[in-house]
Amino acid sequence: MNFSPGYSLIKERMMSIKAPPNLGNAAFSKALRAFEAVVGSQWVLSSDEDRATYIDPYALGDGLNHEASAAVAPASAEEVRALVRLANEHRVPLWPTARGKNLGYGWAAPAMPGSVVLDLGRMNRILDVDVKYGHCLLEPGVGFYDLYNYLRQNNIPLWMSTPGNAWGSVMGNALERGLGYTPYGDHAAKICGMEVVTPTGDLLRTGMGAMAGSKTWQAYQHGFGPSWDQAFVQSNFGVVTKMGLWLMPEPEMTLRAKVELPQADDIEWAIRELHQLRVNNVVDHNFVFGNYLHDAAVLSQRSEWYDGKGALTDAIAEKMMKHYDIGWWRFNLGVYGHEGIVRAKEQLIRKALEPHLGKAIEFEVWRRGDPLDKAAARAPSATSLQIVNWWGGRGGHMGFSPVMPPDGALARKTFRAMKARFEEHGLDYYTSFTMGHRHINNVNILLYDRDDADMVARANRLFHVLIADAKAAGFGEYRTHLDFMDPVAKSFDFNGGALARFNETVKNAIDPNGIIAPGKNGIWPTAYKAHGQGEEA
């Protein structure tokens with residue numbers, strides 16, 4: 001299972017009442033014994049040390065506002081079904097997690113304190129990889145390293161897409177709309193067919209899988225009637241126990257290049273030009289404009305540059321850029337396909353970007369059969385997690401990520417405003433713009449020392465300010481931390497919050513006891529609505 005850093009520091013402050021809300025300790029103990037009959041006593045985890053492993057190690061503060069009452073770890077969909085039925089019988093709320101590595105968004109901790117974590121990490125089989133048709137079928141515990149190694153060790157000519165930090169679950173990342181950086185990098189969009197345990201313990205398959213013996217479950221993303229796959233993404237409408245995912249056929253050739261933009265305001269022309277390349281599929285993958293701190297925070301600690309109060313100054317930023325020979329921004333481009341297509345796209349990219357850069361772009365060539373480390377594909381890595389050591393102490397990080405139109409002038413205006421907000425709160429400005437097909441995600445990472453109470457308080461205030469600023473500008477987050485799910489959900493307020501009302505209507509209809517993940521993304525069942533966090537965390 002997981003292990004949360006700082007256990008010895010939080011043990012004495014963990015909650016004394018270990019039962020979920022609305023349930024007494026005696027009734028909860030009875031429920032745990034019932035769970036043991038399904039999975040075995042060794043997989044019902046209720047000691048203080050067990051529970052501490054599910055506390056967010058990067059939380060603003062001690063993370064005890066999202067403390068679990070216990071965890072239970074099934075090994076199969078049938079065990080999940082049995083546990084969900086018992087949870088209904090005993091009124092025990094469950095918080096499903098795949099591998100518990102939702103870093104910067106809450107780890108494996110539940111939105112509602114006292115929930116029991118349904119840890120699906122033992123369900124870790126790669127059930128099928130279809131080489132001819134380019135898809136796979138996975139259980140939730142399959143990690144990015146697992147799938148990558150399986151494809152390589154079996155010489156399967158299919159590529160997977162990996163996020164920046166690839167410690168977690170392939171399925172879990174897709175269900176949170178995580179992103180990678182190949183043409184298949186919109187992970188939620190590559191889902192094709194799910195098996196789901198419903199909140200009452202039934203078992204269904206979506207899309208073509210709803211037909212027994214279906215031969216096209218992972219081939220066609222819809223089915224007959226409504227398509228439900230995306231309804232289980234970022235929701236609390238069921239427990240996904242299997243997922244189909246499309247994989248990318250190995251291309252004949254790739255080109256890759258790192259492009260440095262020396263000036264902060266270069267972001268305007270770069271996004272303007274690259275939007276045209278992206279929307280016309282000359283560049284057919286998501287890519288990230290990261291500022292200089294992306295490199296500096298991985299390769300060094302803040303104290304090596306500055307130990308004073310307040311945010312880093314522009315002069316210190318210049319020193320970092322000079323030391324590491326990097327620009328204010330960097331982005332990586334890849335081109336994939338048959339050589340004729342790749343070379344044609346290369347010329348279009350050069351024509352669009354090189355006049356602004358004042359020099360030729362240096363592309364690295366990979367051809368099928370060459371070592372994969374030269375290809376425009378990222379192997380799983382956890383190196384980027386080094387950023388949590390930036391301040392020293394027990395480091396933490398949290399992302400604020402509004403979705404915006406891919407407009408260069410808007411991106412320049414936004415980053416200037418964001419940078420000023422970070423500086424107002426004395427935090428260093430770590431940011432990026434992830435460019436999609438018709439949008440950009442402005443992913444701003446708040447880095448802080450959890451042992452510095454004042455810094456934690458400033459980070460918390462900053463996050464609320466950023467939510468309000470984004471809402472005023474007409475932008476909302478695509479994904480957020482447990483602490484902010486309620487206020488972010490409330491910012492989606494068209495027609496008095498019609499979407500929230502619809503979500504809660506569906507939730508109460510299919511999950512009358514509010515068993516599955518109450519509070520997930522601000523969706524509160526009637527049974528637990530009083531436990532919502534409201535406007536302030």
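The values are calculated or read from the model by the stated rules, or taken from the named source; none is laboratory data. Everything quoted here is computed from the prediction, not taken from an experiment. In this analysis, Cβ positions are derived from the backbone assuming ideal geometry, glycine residues included, and neighbour counts consider all displayed protein chains.
The residue of the range 276-300 that is nearest to Ala315 (Cα to Cα), among those that are assigned to a helix (DSSP H, G or I) and in contact with a strand residue (DSSP E or B) (Cβ under 8 Å, 6 or more places away or on another chain), is Leu293. If you go through the range 119-137 and keep only what is buried (at least 24 other Cβ atoms within 10 Å of the Cβ) and touching a helix residue (DSSP H, G or I) at 6+ places or on another chain (Cβ under 8 Å), you end up with Leu120, Cys136. Among the residues of the range 227-275, those identified as assigned to a helix (DSSP H, G or I) and over 20 Å from Thr414 (Cβ atoms) are Asp229, Gln230, Ala231, Phe232. The test for being in a helix (DSSP H, G or I) and touching a Pro at 6+ places or on another chain (Cβ under 6 Å) does not hold for Ala530.
Taking the range 326-346 as the search range and keeping residues that are in contact (Cβ under 8 Å) with a residue 60 or more places away in the chain and of a type in the set (D, E, K, R), which one is surrounded by the most Cβ atoms within 10 Å (Cβ to Cβ)? Filtering the range 326-346 for residues that are in contact (Cβ under 8 Å) with a residue 60 or more places away in the chain and of a type in the set (D, E, K, R), the one surrounded by the most Cβ atoms within 10 Å (Cβ to Cβ) comes out as Lys345. Checked against the criterion of being crowded, with 24+ Cβ neighbours inside 10 Å, at pLDDT 95 or above and of a type outside the set (A, V, I, L, M), the range 99-109 contains not a single residue that satisfies it. Restricting the search to helices (runs of 4 or more DSSP H) fully inside the range 3-74 and requiring at least 2 residues that are modelled with pLDDT of 90 or more gives 25-39, 48-52. Residues in the range 424-445 that are part of a strand (DSSP E or B) and of a type in the set (Phe, Trp, Tyr) were compared, and the one that is farthest from Trp391 (Cα to Cα) is Phe433.
Here are Ser41, Ser46, Ser29, Ser115: which of them is without any contact (Cβ under 8 Å) to a residue 40 or more places away in the chain, polar (S, T, N, Q) and touching a Leu at 6+ places or on another chain (Cβ under 8 Å)?
Criteria check complete, one pass: Ser46.
Only one of the numbered conditions (1) in a loop (DSSP other than H, G, I, E, B); (2) closer than 27 Å to Trp391 by Cβ; (3) of a type outside the set (Asp, Glu) is not met by Met320, and that is (1).
Counting only residues that are in contact with a Lys or Arg (Cβ under 6 Å, 6 or more places away or on another chain) and small (Gly, Ala, Ser), which one in the range 144-171 is surrounded by the fewest Cβ atoms within 10 Å (Cβ to Cβ)? Ranking the qualifying residues of the range 144-171, first place goes to Gly168.
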